[in-house]
Amino acid sequence: MDKAVSPMFSYVVAFIVAVVVLSAAIISIYQFHTLSSPSTTNTTTSSGPTKITLPVISSNKTVVISLVALSSASTFNLNGTSFGQMTIYVPAGYNLEVKFTNQESLQHNLILVMNNTATPNAADLASDGKILLYVGTTSSAYTLQGLSSGQTAVGVYGPIAPGTYWLACGISGHAESGMWVNLVASQNVTTPYAVE
């Protein structure tokens, strides 16, 4: 003979299930924001951040920037960094020669964006600023197409005006997922360098 379940017991079970589901949702949202947002604190090792001097072609004042989507790092990386962990500093008024290599199995490209937001937050980066250079893609295909694994492309832009920029993958959602670095052009920079 089956015993009837009291309505109070059903309410208690339903309440406990709702609390567990709500808690899991809150934890998931927190983890998503923690993992997908750039850190606002600077973490350094005992040796501090890595500073890399960039090569310059002095005859035409061109800074040579080489970026690689590494297969040994997260899917959405540039030189192993994500979410703007790398900043490149160049002298304002110089030209940029940007070499991009894709080692990933996914297609990636690289675009130079004069940004008007702190971080990429739109699937189409044209919504976050003005696109100035396309490397490994075209102005009509940058949200969909890029270089296949093992391919390299080079683009030249300049002279670059003082300001803040991104070098980012233009394929929809890739920059939002972390595939971007900062670029700062300043009159105060005399020797170009990158900090990771």
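Quick notes on this structure:
- Computed label-point distance, nm, for sites Ser172 and Asn121 using a 7 Å Cα→Cβ extension: 2.1
- Net charge contributed by nearby residues that have their C-beta within less than 15 Å of Trp166 (K/R +1, D/E -1): -2
- Ratio of Rg to Rh over the stretch 90-181 (Cα coordinates, Kirkwood Rh, two decimals): 0.95
- Residues of the stretch 101-135 falling in the label zone of Ser71, defined by backbone nitrogen less than 18 Å from a point 7 Å along Cα to beta-carbon, are 101-109.
- Accessible surface comparison of Val154, Val181, Val189, probe 1.4 Å, protein chains only, largest first: the order is Val154, Val189, Val181.
- Computed E for Gln145/Thr191 - FRET, C-beta separation, R0 35 angstrom, nearest 0.05: 0.50
The values are calculated or read from the model by the stated rules, or taken from the named source; none is laboratory data. The structure displayed is predicted, hence computed values, not measured ones. Backbone-built Cβ (ideal geometry, glycine too); neighbour counts: all protein chains shown. These accessible areas exclude ligands, DNA and RNA; they are computed on the full protein's heavy atoms, side chains included. Shrake-Rupley method; radii C 1.70, N 1.55, O 1.52, S 1.80 Å.
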